[in-house]
Amino acid sequence: MSVRDLIIVGGGPSGLSAAIAAKRNNLDYHVLEQGVLVNSIYRFPPQMVFFTTPELLEIGGLPFMSPFEKPTRAEALNYYRKVVDAHDLRIAYDEAVTAVSREDDVFAVETRSSRAVRRVRHARHVVLAIGYFDHPVMLGLPGEDLPHVHHYYSEAHVHYRRRVVVVGGANSAAEASLEMYRAGAHVTLVHRGAELKSTIKYWVRPDIENRIKEGSIAARFNSHVREIRPTSVVVTGPDGTEDEIAADDVLLLTGYRADQDLMARAGVTFGPRNAPSFHPDTFETNVPGLFVAGGAMAGDDTGTVFIENGRFHGEKIVEVIAARI
């Protein structure tokens with residue numbers, strides 16, 4: 001049985017940062033990525049623009065060069081490919097981790113590929129840099145599993161001249177609503193709050209607020225979706241009355257969470273706001289040798305961990321592991 005020093009679960013910026021640090025410290029490591037490189041960024045809408053500036057996305061000492069103040073998704077994908085090439089990182093793609101278990105002082109990491117190939121890898125330490133974008137928050141609504149209901153937004157063109165109900169009040173919901181409206185969709189935004197969230201990008205906020213004010217985008221605030229039907233959505237308003245809104249497509253853009261089931265099965269306990277238990281200096285969980293990095297540590301408060309701060313977690317974790325070895 002081959003036992004590595006470290007297995008890193010997740011090939012996003014936090015995981016890549018840990019891999020770079022592991023290589024610099026001469027650790028025997030391997031990155032396991034369930035999809036493609038920086039899979040979450042790859043799944044962003046093609047036209048997405050980051051909230052931050054290029055230098056705050058940098059890892060591994062490689063400059064992120066962009067002619068724009070705010071980099072694009074395409075630029076980020078290109079940048080992280082260059083990072084992997086520059087550092088010649090060891091990454092296995094299409095290996096989704098299904099279980100992490102501790103056997104004495106060694107972890108067994110079970111994986112499954114899209115072709116149903118199963119493997120078990122072993123390591124003395126594991127870093128869960130799994131992010132949260134792959135696990136949408138399910139609302140548990142009747143009809144949530146209908147084929148016209150989606151938890152991700154891609155492009156506006158497919159919604160041309162269709163009636164679309166968007167559920168959510170943050171950046172994703174606002175940007176998707178604007179793009180679909182401008183592509184000819186009839187958009188209704190439903191949000192449980194009294195107004196859109198304060199975290200919306202500063203250049204998006206006036207646009208979405210003005211479109212709502214002029215009636216180009218219909219909005220239902222202080223409202224909750226009760227049921228999704230094949231051609232409509234049932235919404236309860238602030239006064240408790242129900243209304244049925246016609247809908248050809250429904251986008252439930254209500255947030256994402258890390259894979260808490262995977263962590264729980266590995267023995268990780270959770271604290272307030274469903275955040276995994278970990279030491280604030282080392283990022284080691286209550287399971288010795290098992291660490292969390294990036295979005296995996298956020299719990300319900302996903303707005304607290306971004307690439308800008310999560311990219312440093314891997315370096316700190318590897319410092320701890322290298323000192324033990």
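Let's see how each residue does on (1) modelled with pLDDT under 95; (2) farther than 20 Å from Ile317 by Cβ:
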| residue | (1), (2) |
| --- | --- |
| Ser2 | yes, yes |
| Ser14 | no, no |
| Ser40 | yes, no |
| Thr52 | yes, yes |
| Glu58 | no, no |
| Ala76 | no, yes |
| Arg81 | no, yes |
Q. Looking at region 145-255, what strands (runs of 3 or more DSSP E) fall wholly within it and have at least 3 residues that are aliphatic (A, V, I, L, M)?
A. 163-167, 186-190, 232-236, 249-252
**Q.** Hey, Phe64 part of a loop (DSSP other than H, G, I, E, B), at pLDDT below 95 and hydrophobic (A, V, I, L, M, F, W, C) or not
**A.** no
Q) Could you say whether any residue in region 61-70 is buried (at least 20 other Cβ atoms within 10 Å of the Cβ), closer than 20 Å to Gly310 by Cβ and in contact (Cβ under 8 Å) with a residue 12 or more places away in the chain? A) no
Q.
Just the residues that are of a type in the set (Val, Ile, Thr) and either open to solvent by less than 30 Å² (accessible area, probe 1.4 Å) or closer than 19 Å to Tyr153 by Cα (or both), please, taken from region 110-141.
A. Thr111, Val126, Val127, Val137
Q. Across region 298-325, what is the number of residues that are open to solvent by 20 Å² or more (accessible area, probe 1.4 Å), β-branched (Val, Ile, Thr), in contact (Cβ under 8 Å) with a residue 12 or more places away in the chain and over 17 Å from Gly11 (Cβ atoms)?
A. 3
Q) under 19 Å from the mean Cα position of the chain (by Cα) and acidic (Asp, Glu), is that true of Glu33? A) yes
Q. Arg112 fails exactly one of the following numbered conditions: (1) under 30 Å from Ser2 (Cα atoms); (2) in contact with a Gly (Cβ under 9 Å, 6 or more places away or on another chain). What is the number of that condition?
A. (2)
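The values are calculated or read from the model by the stated rules, or taken from the named source; none is laboratory data. Not measured: the values here are computed from a predicted model. Using ideal geometry, Cβ is built from the backbone for each residue, glycine included, and neighbour counts are taken over all protein chains shown. We work out accessible area using only protein heavy atoms, side chains counted, and drop any ligands, DNA or RNA first. Shrake-Rupley method; radii C 1.70, N 1.55, O 1.52, S 1.80 Å.
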